[in-house]
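The next block holds one structure in the form of structure tokens; read it before the comments.
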Amino acid sequence: MTSYSLNLDSPAPPINVQHWLRGDPLSNFQLGKIYIPVFISITCSGCGPALVRLAQLQEQCRDIGIEVIGIVTADEALAEVDAWVTKWLPNANIRIGFDYSGEMDEDWLKASLSFAVPRAFVVDRDGRIAFIGDLVKLEDVLPKVIDGTWRASAEAKNAEKERIAEGETYAAVIVS
């Protein structure tokens with residue numbers, strides 16, 4: 001069937017972006033912090049509002065050590081992405097990386113059977129993938145990631161099984 005390698009409890013792949021539109025460059029995750037890499041596109045109608053909500057979440061959780069990273073992949077032009085980010089996040093302190101090589105798409109989205117954006121990943125304090133999915137589910141998942149109960153829970157394992165089944169079904173449809 002479909003080949004994929006990024007799942008719940010996998011070590012998080014590196015951040016391989018070629019240009020940082022906002023924030024300082026980041027290539028490795030620091031242990032002890034929680035990161036939320038979110039893949040977005042300027043052509044996605046829900047991505048701008050989602051990024052605004054995530055920037056607010058990062059601000060609310062600053063003391064906990066949560067950092068949101070917006071990742072825009074290769075399909076967009078840099079100037080268009082910069083204008084779009086400025087429109088949606090004029091004053092937000094959130095890192096935005098631009099990946100025009102396609103590495104992030106391969107290492108994160110394709111490796112996790114993720115086909116739609118926005119797509120959120122949660123990298124826990126151990127540098128492992130704690131969640132892959134829709135941003136709407138973050139509200140329920142994030143408190144459990146923060147207190148360290150999510151990754152080993154039956155709820156997380158069930159959510160992961162459902163995510164993989166959906167991804168495999170979608171992959172089979174687009175391949176046929």
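Could you say which residue among THR73, THR86 is hydroxyl-bearing (Ser, Thr, Tyr) and open to solvent by less than 50 Å² (accessible area, probe 1.4 Å)?
THR73
Which condition from (1) open to solvent by less than 60 Å² (accessible area, probe 1.4 Å); (2) closer than 30 Å to GLU168 by Cβ; (3) modelled with pLDDT of 90 or more is the one that PRO11 breaks?
Condition (1) is where PRO11 drops out.
Among the residues of region 52-103, which ones are within 12 Å of ARG22 (Cα to Cα) and of a type in the set (Ser, Thr, Tyr)?
Matches in region 52-103: THR86 only.
Of all residues in region 19-38, which are open to solvent by 50 Å² or more (accessible area, probe 1.4 Å) and either over 20 Å from LEU51 (Cβ atoms) or touching a Leu at 6+ places or on another chain (Cβ under 6 Å) (or both)?
Hits for region 19-38 are SER27, ASN28, GLN30, LEU31.
Filter region 112-135 down to residues that are farther than 22 Å from GLN56 by Cα and either of a type in the set (D, E, K, R) or part of a helix (DSSP H, G or I) (or both), then give me how many there are.
3
Kindly indicate which of VAL85, VAL72 is among the hydrophobic types (A, V, I, L, M, F, W, C), closer than 14 Å to PRO118 by Cβ and under 13 Å from the mean Cα position of the chain (by Cα).
Answer to the check: VAL72.
Mind checking whether some residue in region 126-134 is more than 14 Å from LEU8 (Cβ to Cβ) and either at pLDDT below 90 or open to solvent by less than 10 Å² (accessible area, probe 1.4 Å) (or both)?
Within region 126-134 (the criterion being more than 14 Å from LEU8 (Cβ to Cβ) and either at pLDDT below 90 or open to solvent by less than 10 Å² (accessible area, probe 1.4 Å) (or both)), the answer is yes, since at least one residue qualifies.
Of all residues in region 92-108, which are crowded, with 21+ Cβ neighbours inside 10 Å and of a type in the set (Asp, Glu)?
Selection gives ASP99 alone.
May I ask you to say which residue of ASP75, ASP24 is among the charged types (D, E, K, R) and modelled with pLDDT under 85?
The conditions single out ASP75.
Restricting to region 123-146, count the residues that are touching a residue at least 40 places away in the same chain (Cβ under 8 Å) and over 17 Å from LYS161 (Cβ atoms).
11
Here is a yes/no grid of residues against (1) touching a Cys at 6+ places or on another chain (Cβ under 7 Å); (2) part of a helix (DSSP H, G or I); (3) open to solvent by less than 60 Å² (accessible area, probe 1.4 Å):
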{"position": "LYS110", "(1), (2), (3)": "no, yes, no"}
{"position": "LYS137", "(1), (2), (3)": "no, yes, no"}
{"position": "PRO143", "(1), (2), (3)": "no, yes, no"}
{"position": "TRP150", "(1), (2), (3)": "no, no, yes"}
{"position": "ALA159", "(1), (2), (3)": "no, yes, yes"}
{"position": "GLU168", "(1), (2), (3)": "no, yes, yes"}
{"position": "ALA172", "(1), (2), (3)": "no, yes, yes"}
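The values are calculated or read from the model by the stated rules, or taken from the named source; none is laboratory data. All values reported here derive from a predicted model rather than from experimental measurement. Positions of Cβ are backbone-derived with ideal geometry, glycine not excepted, and every protein chain shown enters the neighbour counts. These area figures cover heavy atoms from the full protein model, side chains too; ligands, DNA and RNA do not enter into them. Shrake-Rupley method; radii C 1.70, N 1.55, O 1.52, S 1.80 Å.
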